[in-house]
Amino acid sequence: MDSKGFMQAFQNELTCSVCMNYFIDPITIDCGHSFCRPCLYLCWEEDQTPKSCPECRGLSEKPDFQTNIVLKRLASLARQDTAKQTNSLETQICLIHKEAKGLFCEVDKTLLCGPCSESPEHAAHSHSPIQWAAEEYREKLLKRMGSLWKMTQEMQNHLNLETHKTPSLENYVAIRKVMIKVQYQRIHLFLQEQEQLHLEALEEEAKETLQQLRESEFRMTQQKESLKEMYRELTEMCHKPDLELLQNLGNVLERTDLVQMQKPQPVNPELTSWPVTGILDMLNSFRVDNVLSQKTTIHNVSLSEDDTTMIYGDDHHGVSRELQGAESFVAWGAVAFTSGRHYWEVDVTHSSNWILGVCKDILTSNTVISIDSEEVFLLSSMKVSNHYILSTNSPPLIQYVQRPLGGIGVFLDYDNGIVSFYDVCRGSLIYTFFPSFFSSPLKPFLCLRSP
């Protein structure tokens, strides 16, 4: 093989088999083949699973790879050598001095000849040879591309979460419509008109919220595509000749900044807690006081996965969630209910994390407070970061309503097998456990974590 053939073969080894250009930010995957990082990312984005080599189709176990520094340097040298060989074809001549433009002005982002660089207009500016400037800005573009790709992946994660909200909210709305119908069936016939107005308001709000979710999904999808399109454009920009790359640099960088500034915000699918007309007046006719007579203060509260066991002290084996770092107030009823209708209220104003409801029995020892799991009906609030999660057990269900800010009303209709929770401040329903048969006495229960 002569020297020319050897150089051609050497240059071929420095060429990405996807884009057929010299490597930019090359990475070597598990099978040993190397590609431009942008080329591999875009290939894997289109064919997400399994991650396979575009050349031999061998599977790759890990998604992230380190830059092949040696291959990157060799590709840069080959690119510079090719630029020297084709320099005469792409050299621009200064119209004023009739000399080749071989320098790049860092301040004005323009190509200059030697005399122009020494003129008063550019003398104080920093200049560098075209090839050096092109390689330097390729590195800057690669950093921009890394940021764009990270944002693309984050947007995909947000899109996945946003997409999952829609079926969950639709199911919740369907369940909530049934609960509201049951509520209005318990009050007098003349409230049927109020019931209809309530359902229509919920339907309209749910429709608007679902539309917002769909629009949010669409915006996130558009933003993701814009990020990918800009990523592809920067990839193509990196492969362009030095002169063309530098001439279009300012516009590309400006549009990249603009795309990165646009970040859609996720939708909070929280429904308005519409008041149920006259419900508190009806419930107060069944009001009982001092139902939580057994009280204690504990530390390091932990909940079991089924929310039926509370442990305090140092025994935390086999628990999944802990409310540690503050004291917790726990109270329960000394007397259990076996019949009739009973209503009581609990103040949760100064607590972000709490659990309340009714249960079959409560067992206490020196280290454990245990709630019998057979018949337990609980409503809980938990603060995660800056958000509150309101949920019920059996079945576990997130409540898409406004978090109660004051008192919680608990209504137990033992004979009809109903347990309901109300937002006292708003006079609205939070949740109703659908009718079931109670076979055991039920006790009120409360756990408040100190703020």
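For the range 406-427, how many residues meet the condition of being surrounded by fewer than 19 Cβ atoms within 10 Å (Cβ to Cβ) and either in contact with a Cys (Cβ under 6 Å, 6 or more places away or on another chain) or among the hydroxyl-bearing types (Ser, Thr, Tyr) (or both)?
2
Which condition number in (1) of a type in the set (D, E, K, R); (2) under 22 Å from LEU378 (Cβ atoms); (3) at pLDDT below 80 is the one that ASP314 fails?
(2)
Quick check on LEU280: is it in contact with a strand residue (DSSP E or B) (Cβ under 8 Å, 6 or more places away or on another chain) and modelled with pLDDT under 90?
Answer is no for this residue.
Of everything in the range 239-264, what is free of Cβ contacts under 8 Å to residues at least 24 places away in the same chain and farther than 30 Å from ILE130 by Cβ? Give them in sequence order.
The one that is free of Cβ contacts under 8 Å to residues at least 24 places away in the same chain and farther than 30 Å from ILE130 by Cβ: MET261.
Only one of (1) at pLDDT below 75; (2) part of a strand (DSSP E or B) fails for LEU379. Which number is that?
(1)
Of these, GLU322, GLU270, GLU305, GLU327, which one is within 30 Å of GLU170 (Cα to Cα) and at pLDDT below 80?
After ruling out the rest, the residue left standing is GLU305.
Please go through (1) modelled with pLDDT of 85 or more; (2) within 36 Å of the chain's Cα centre (by Cα); (3) not in a strand (DSSP E or B) for PRO404 and return the number of the only condition it doesn't satisfy.
Answer for PRO404: the failing condition is (1).
If you go through the range 54-73 one residue at a time, do you hit one that is modelled with pLDDT under 80, assigned to a helix (DSSP H, G or I) and under 24 Å from GLU13 (Cα atoms)?
No, there is no match, as no residue in the range 54-73 is modelled with pLDDT under 80, assigned to a helix (DSSP H, G or I) and under 24 Å from GLU13 (Cα atoms).
The values are calculated or read from the model by the stated rules, or taken from the named source; none is laboratory data. Keep in mind it's a predicted model, so treat the numbers as computed, not measured. With ideal geometry, Cβ positions are generated from the backbone for all residues, glycine too; neighbour counts draw on all protein chains shown.
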